[in-house]
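Structure record follows, encoded as structure tokens.
The values are calculated or read from the model by the stated rules, or taken from the named source; none is laboratory data. Since the model is a prediction, treat every value here as computed from it, not as a measurement. FYI the Cβ positions are ideal-geometry reconstructions off the backbone, even for glycines, and counts take in every protein chain you see. Surface accessibility is based on the protein's heavy atoms, side chains included, excluding ligands, DNA and RNA. Shrake-Rupley method; radii C 1.70, N 1.55, O 1.52, S 1.80 Å.
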Amino acid sequence: MSIDQIRAQFPILSTRVYGKPLVYLDNAASAQRPQAVVNAYDELVLSKNANIHRAVHALSEQATKAYEDARDAVKLFLHASAREEIIFTSGATAAINLVAFSFGEAFVHEGDEIIVSVAEHHSNIVPWQMLCERKKAVLKVLDIRENGELAVESLENLISERTKIIAISHISNVLGLVNPVREIVTISHKHGIPVVVDGSQGVVHEPVDVQDLDCDFYAFSGHKLYAATGTGVLYGKRKWLDAMPPYMGGGEMIQTVSFAGTTYAPLPEKFEAGTQNFNAVPTLVPAIDFVNACRQDNEVAAEQQAIVDYVYDALTSDERITLYGVPRGTKFPLFSFAVKGVHHEDLALIMDKMGIALRSGQMCAEPLMDRLGVTGLLRASFAPYNTLEEAKYFISCLNKAIDMLL
């Protein structure tokens, strides 16, 4: 595919903002939807709209098949060993909360310890804090080095016989760096400790093989992967999912119900209580197809690398700008930076008037901002439909905006 062919799949990219062509660089927050995803959603709503699993009529069977086909697609996408290890949720936040609650109920007690990194999204911090408050457990924090990389060498010192689980991100949503997940899993498993990985950025930027990573849980959101909003995935090793109590009770997750006692459905239904988002979940299939097509395309890879190189060089060569998450070799097209003497939101507002959509603020990572000594940053995050021309326009507009504010 040419970049023009990719862009043609995203109608929103023809939008104009304040009379300027839209340059959408807030992909780390939420990606745009290709026409195939929109078409899939429309077809499900308009011609296959029925509750799943529960009825024998034709619409229900068609909707159920679409929903379960998505589970098979995700299993292949993540290289999971069984479809029963794929749990559908409303997003990565719900998936991590599920693990924090259910794993915590089964395995965490007063005085136990949980380890997270300082660079986590709030969704991979707050659920663990809530668990610690509920169970009177202790939250411990893995620091970063000055260049933004995780200080993995400190992990052994943080681990104790009371450590029950470790939670880390695959790729930082602020720093754009790939964390050494396999190394962390190896260290953790040496001590018999499971690892949950926030893969919200990971599945977007590189192939994921959960069996090779050997992680115990892996979570991601569909809306960052070009699928519909309100969709998410939790992968969990079966041994853990079988041992964990359900996160929620209700319809679908039961086997038998009586006032004498209730038994639960087998996996994956055990963790999918109530009416699922059956119109949206199947959009994961065309979204995955789009991602796989882009990854197999040399032109896409070359354009993405050209963007990384150009933006990296432009930001690091400007003395007014501090780029956070510096190591070039593990850098993906996600750049968070500050400009000396300029507020990040002022820059974002001016850039918006030039048609460029950026993220400004704490990016749901306040502890990391505190660690970096900033109140917020400006972030530009690119997708396969972004071009080198857009990257050059972004840098040109950034220079104009800085000159206006200094």
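Assorted remarks:
- Search result, residues across the stretch 66-89 that are under 15 Å from THR283 (Cβ atoms) and either assigned to a helix (DSSP H, G or I) or open to solvent by 60 Å² or more (accessible area, probe 1.4 Å) (or both): ALA66, TYR67, GLU68, ASP69, ALA70, ARG71, ASP72, ALA73, VAL74, PHE77
- Unmet requirement for SER102, which otherwise passes all of (1) open to solvent by less than 20 Å² (accessible area, probe 1.4 Å); (2) among the polar types (S, T, N, Q); (3) within 20 Å of the chain's Cα centre (by Cα): (3)
- Test result for VAL281, open to solvent by less than 20 Å² (accessible area, probe 1.4 Å), β-branched (Val, Ile, Thr) and at pLDDT below 95: no
- Subset of the stretch 14-56 (residues that are buried (at least 17 other Cβ atoms within 10 Å of the Cβ) and part of a helix (DSSP H, G or I)): VAL37, VAL38, ALA40, TYR41, LEU44
- Evaluated against (1) closer than 21 Å to ALA73 by Cβ; (2) aromatic (Phe, Trp, Tyr); (3) surrounded by fewer than 20 Cβ atoms within 10 Å (Cβ to Cβ), TYR264 falls short on exactly one condition, (1).
- SER160 fulfils the conditions (1) in a helix (DSSP H, G or I); (2) without any contact (Cβ under 8 Å) to a residue 60 or more places away in the chain except for a single criterion, (1).
- Subset of the stretch 116-131 [buried (at least 21 other Cβ atoms within 10 Å of the Cβ) and touching a residue at least 60 places away in the same chain (Cβ under 8 Å)]: SER117, ALA119, GLU120, HIS121, SER123, ASN124, ILE125
- Contacts under 7 angstrom Cβ, first residue in the stretch 286-301 being closer than 23 Å to ASN39 by Cα and in a helix (DSSP H, G or I), partner open to solvent by 60 Å² or more (accessible area, probe 1.4 Å) and at pLDDT 90 or above, 6 or more apart: ARG295/PRO207
- The stretch 241-261: number of residues that are open to solvent by 40 Å² or more (accessible area, probe 1.4 Å), over 30 Å from VAL45 (Cβ atoms) and not in a strand (DSSP E or B): 5
- Selection count where residues are farther than 29 Å from SER381 by Cβ and of a type in the set (S, T, N, Q), scope the stretch 124-178: 3
- Tally of residues being crowded, with 17+ Cβ neighbours inside 10 Å, within 22 Å of GLU149 (Cα to Cα) and β-branched (Val, Ile, Thr) across the stretch 299-317: 3
- Filter pass, ARG328 being basic (Lys, Arg) and more than 30 Å from THR89 (Cβ to Cβ): yes
- Of ILE144, ILE96, ILE115, all but one fail to be modelled with pLDDT of 95 or more and in contact with a Pro (Cβ under 6 Å, 6 or more places away or on another chain); the exception is ILE96.
- Within the stretch 213-234, tally of residues that are of a type in the set (Ser, Thr, Tyr) and over 15 Å from ILE87 (Cβ atoms): 2
- Checked against the criterion of being touching a residue at least 24 places away in the same chain (Cβ under 8 Å) and touching a Cys at 6+ places or on another chain (Cβ under 8 Å), the stretch 365-387 has at least one qualifying residue.
- Residue pairs whose Cβ atoms lie under 9 Å apart, sitting 6 or more positions apart in sequence or on different chains, and linking a residue in the stretch 169-181 that is without any contact (Cβ under 8 Å) to a residue 60 or more places away in the chain to a partner that is in a strand (DSSP E or B) and among the charged types (D, E, K, R), are SER169/ASP198; HIS170/ASP198.
- Note on the stretch 133-173: residues that are surrounded by fewer than 20 Cβ atoms within 10 Å (Cβ to Cβ), over 18 Å from SER188 (Cβ atoms) and of a type in the set (A, V, I, L, M, F, W, C) total 0.
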